[in-house]
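One structure is given here, and the rest of the page talks about it.
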Amino acid sequence: KALEARGLAVPEARAALVGSDNGRVELPESLHRVLLQVAEALMQGMAVTVTPQSARLTTQAAADFLGVSRPTLVRLLERGEIPMSKPGRHRYVQLSDLVAYQAATRSRRRDILDAMVREAAAAGLYDATEGVPPAMR
């Protein structure tokens, strides 16, 4: 700041990867945030998988990603809720389609829960706890 006040140009601080040989590769802020999340997960002992959005997954891998059983995933695919390709006997799902389905499902859930809260508030259900001791709520 003191240099800027004197009219001197100060290079903007940027995130970078620095190797043991002091080689430096500057990173976009979005990649820096992702790498921080990966590092934090690894330090907590979690497994991390980095996969391109264009990756094709088997039905079992897709089911694992969504946290559902394989038969449940197959039903979603057969109903057309998630796009799939079937070049032969086996079905494949694009990771980007799974991510989109997951986001849409979360959004629908959030909308439904918000509507339920509004209905409960309008019906006075939140008022039912007035006068009840905190330990009994």
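The values are calculated or read from the model by the stated rules, or taken from the named source; none is laboratory data. Since the model is a prediction, treat every value here as computed from it, not as a measurement. A quick note on method: Cβ atoms are made from the backbone with ideal geometry, for glycine too, and the neighbour counts reach across all protein chains shown. The area values use the complete protein model at the heavy-atom level, side chains included, leaving out ligands, DNA and RNA. Shrake-Rupley method; radii C 1.70, N 1.55, O 1.52, S 1.80 Å.
What does the extension gain come out to for ARG24 and ALA123, with contour length at 0.36 nm per residue minus their alpha carbon separation? Present the calculation step by step, with values, prior to reporting the outcome.
Values: separation 99, 0.36 × 99 = 35.64 nm, distance 6.05 nm.
Once the chain is fully extended between ARG24 and ALA123, it gains 29.6 nm.
Per-residue counts of other Cβ atoms within 10 Å, averaged by peptide: what ranking do you get for 92-102, 53-63, 28-38, highest first? Mind dumping the intermediate values first?
On the way: 92-102: 17.3, 53-63: 15.6, 28-38: 11.7.
So the peptides 92-102, 53-63, 28-38, ranked by packing, come out 92-102, 53-63, 28-38.
Using a 1.4 angstrom probe, figure out how much accessible area the range 1-114 has per residue, in square angstrom, rounded to the nearest whole. Write out the running numbers ahead of the final one.
Working: 8690 Å² over 114 residues.
Ligands and nucleic acids excluded, the result is 76 Å² per residue.
How long is the gain from SER69 to ALA41 if the chain were fully straight, where each residue apart is worth 0.36 nm and the alpha carbon distance is subtracted?
Contour length minus the Cα-Cα distance gives 7.6 nm.
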For the range 114-121, Karplus-derived ³J(HN,Hα) couplings (6.51, -1.76, 1.60; θ = phi - 60°; whole Hz; x for glycine and proline) come out as 4, 5, 5, 5, 4, 5, 5, 5
Separation between Cα centres of the range 94-108 and the range 10-86, rounded to whole Å: 14
In terms of modelled amide H atoms, which long-range or inter-chain residues lie less than 5 Å from the amide H of LEU57? VAL93, GLN94, LEU95
Gyration tensor (Cα only) of the range 33-137 to equivalent ellipsoid, semi-axes in Å sorted down, yields 38, 22, 12
Which FRET efficiency, nearest 0.05, do HIS90 and LEU31 yield, Cβ-Cβ r, R0 41 Å? 0.75
